[in-house]
Amino acid sequence: MSAYHSYSEDQLIAFLRMGDHAAFTEIYNRYWEMLVDAAYQRLRSREDAEEVVQSVFVSLYTRRQDFFPKSTLEAYLKASLKYKVIDAYRSQQLYYRHLDNLITEHNLRSSSTPHEQVEEKQLKEQVLLATHKLPDKCREVFILSRFEQLSNQEIADRTGTSISTVKKHIHKALLALRNTFKNGPFNLLLVNIIIFKIIFFL
């Protein structure tokens, strides 16, 4: 058993500030599971919880030389986790809620003119072509998500990857496609709706 296992929080913090990797490892091992469990209670996804906790420890290590917590190390990590979870929740939920609202508004007023229908058909064709330019794994995951309408868990099972990896591929694909069309002639709202939903009736 490592001697660090018996060190107090203050001792570990002191060694951490000096760049002691063993001290950081002890902090990581001591609090990892507790933080993951706390994150899981909010996010309801083990993969997302682990990803958020990982970012907490990355942040801690990055600022180790200037780390002087006002309370206990455990209290600091819990507070840091709380804000990381809130950020993750907001970035995911608010984004999709906003797009859902845009889609709803678009559908409610979708008595589109013949010109708009032609524009939408052309855009769908362009998105389909752009999809084939994505990296292989990214394209596979994106097609399973948006064309075959599979859930992230179903895609992870089919491709043999984690849910967090699936989410990263989808995010990468969405970003690449939006960047492709951001300076194009198409209506930006329509671009976002089609890329988000991608239900093709060409």
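Annotation: extensible slack from Ala14 through Phe67 equals 18.2 nm (criterion: 0.36 nm per residue apart, minus Cα-Cα distance). Note on Lys137 and Met34: their simple-model spin labels are 3.5 nm apart, each label 7 Å out from Cα toward Cβ. Here is the link list: Lys82/Lys133; Lys82/Lys167; Lys82/Lys172; Lys70/Lys168; Lys84/Lys133. Which ones come out longer than 30 Å on Cα distance? With Cα atoms farther than 30 Å apart: Lys82/Lys133; Lys70/Lys168; Lys84/Lys133. Measuring how big the range 1-88 is from its alpha-carbon positions, Rg and Dmax come out at 12.8, 37 Å.
Bear in mind these aren't lab numbers, they're just calculated from the coordinates by the rules spelled out. This structure is a prediction, so every number in the text was calculated from the model and none was measured. Neighbour counts are summed over all protein chains in view; Cβ atoms, including those assigned to glycine, are modelled from backbone coordinates with ideal geometry.
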